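The structure appears below as structure tokens.
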Amino acid sequence: MPKNIHKIIFPTAGMGTRFLPATKATPKEMLTIVDKPLIQYGVEEALAAGMGEVVMVTGRGKRSIEDHFDISAELESNLNAAGKVELYETVSRIARMVDVAYIRQKQPLGLGHAVLCAAPWVGDECFGVSLADELILPEAGCKGAMQQLRDIHEQTGGASVIGLARVPDDEVNRYGIVKAHDEDGLLRLDDMVEKPQTDQAPSNMAMIGRYIFTPRLFEILKTTKPGKGNEIQLTDAMCQLAKEEPVYGVIIEGARFDAGNPYGFLVANATLGLQHPKYGEALRKALSQLL
Ligand code: UTP
């Protein structure tokens, strides 16, 4: 039985260029879906999978993430004094849900480099990585995305596991795409390609920002050279990892939104807005008048 995974890395030091100018001074991970920032959805998913030791790899202008998970004594006492019990509880719960460590990535040299920055904090154990701009919500009665990865990690005796989704052929050039084969009912990964053209994609199974790795990944990242976009690519290190030891994929069940670009973000807001107990009905009426 592999050891329990407690540690999870949230890389949040990217430049978020697809969201400019919104992300000029605000981290992409702090953009809200209805009334909650993306990063909070990610942290809640990790906590539900028992990963309660969180490190955020941050960059310039990421202070608001730290403030979000910190106690705001003034706000809490104002809400309390005003008798806004529900809001007080919401705000104070966020500050107390998790202890977060922060590591600075001094330059955005790529996702692989961001993950490597957290190596001293993780040490010699298996760990999770989650990209909070990929919002994945469990369907009723189902497990969260990180828990689904964790189940396969345990089933395989502690192997690395990558979260996947099938995407339309004309979207493969937006993702890292995997080549896989069946191994006793599990998807064993052979190779990965970053953003291939449709005719060169080995499948339509895309990596969707949820990973569990063995610590061997850090050793590989230390020698991974800059690849596509002159960035140190996590995908390149994962290809090497899959050559050295078994890496499995799992098609994640749940409602997924690629909220790292304005279109996916709008769809996420519309979907969750329509489902919202307080705003859903009014939003439905407002939208139907527009259409
Ligand atoms: P993205 O590819 O989404 O890059 O990174 P980005 O810079 O945030 O956004 P665009 O493409 O310019 O619009 C995937 C994840 O990796 C993190 C990002 O914060 C995001 O969570 N990342 C990326 C880093 O932490 N450091 C980097 O150097 C690059």
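None of the figures in this text is laboratory data; all of them are computed from the coordinates on show. Everything numeric in this text was worked out from a predicted model, so none of it was measured. Neighbour counts are summed over all protein chains in view; Cβ atoms, including those assigned to glycine, are modelled from backbone coordinates with ideal geometry.
A few remarks follow.
- Backbone HN-Hα couplings from phi across the stretch 178-184 [Karplus 6.51/-1.76/1.60, Hz, Gly and Pro as x]: 9, 10, 9, 9, 6, 9, 6
- Two-site FRET efficiency, ALA255 against GLN107, from Cβ-Cβ distance with R₀ of 35 Å, rounded to 0.05: 0.50
- Ordered by the number of other Cβ atoms lying within 10 Å of each residue's own Cβ, fewest first, HIS68, HIS113 fall into the sequence HIS68, HIS113.
- When only alpha carbons are used to place a centre, the stretch 147-168 and the stretch 9-65 end up 22 Å from one another.
- Cβ-derived FRET efficiency at R0 22 Å, ALA140 paired with LYS278, nearest 0.05: 0.70
- A simple spin-label model places the labels of GLU244 and ASN4 2.8 nm from each other, with each point 7 Å out along Cα-to-Cβ.
- Between LYS84 and ASP184, the simple label model (points 7 Å from Cα in the Cβ direction) yields a spacing of 5.5 nm.
- Residue exposure proxy: LEU109, LEU287, ordered by other Cβ atoms within 10 angstrom of their Cβ from fewest to most, comes out as LEU287, LEU109.
- Segment GLN147-GLU219, extension gain: residue separation times 0.36 nm, minus the distance between their alpha carbons: 23.4 nm
- Each Cα pair under 8 Å and six or more residues apart adds its sequence gap; the mean of these over the residue count of the stretch 58-186 is a relative contact order of 17 percent.
- Relative contact order of the chain, defined on C-alpha pairs under 8 angstrom at six or more residues apart (%): 22 percent
- The smallest convex shape that holds all Cα atoms of the chain, its convex hull, gives 155 Å³ per residue.
- Enclosed volume per residue, in Å³, of the convex hull spanned by Cα atoms of the stretch 39-129: 102 Å³
- Computed extension gain for TYR263 through ARG166, at 0.36 nm per residue and net of the alpha carbon distance, reaches 33.0 nm.
- Of the beta bridges in the chain, as assigned by DSSP with both residues counted there, near 60 percent are antiparallel.
- Estimated from helical segments only, the mean residue ellipticity of the chain at 222 nm is -10500 deg cm²/dmol, where each DSSP H run of four or more residues counts as -39500 (n - 2.57).
- Amide N of the stretch 138-175 lying under 20 Å from the label point, which is placed 7 angstrom from the Cα of ASP199 along Cα→Cβ: 168-175
- Taking 0.36 nm per residue of separation and subtracting the current Cα-Cα distance, fully stretching the chain between ASN230 and GLU76 would add 51.0 nm.
- Summarised in one figure, the compactness ratio Rg/Rh of the stretch 150-291, Cα atoms and Kirkwood Rh, is 1.08.
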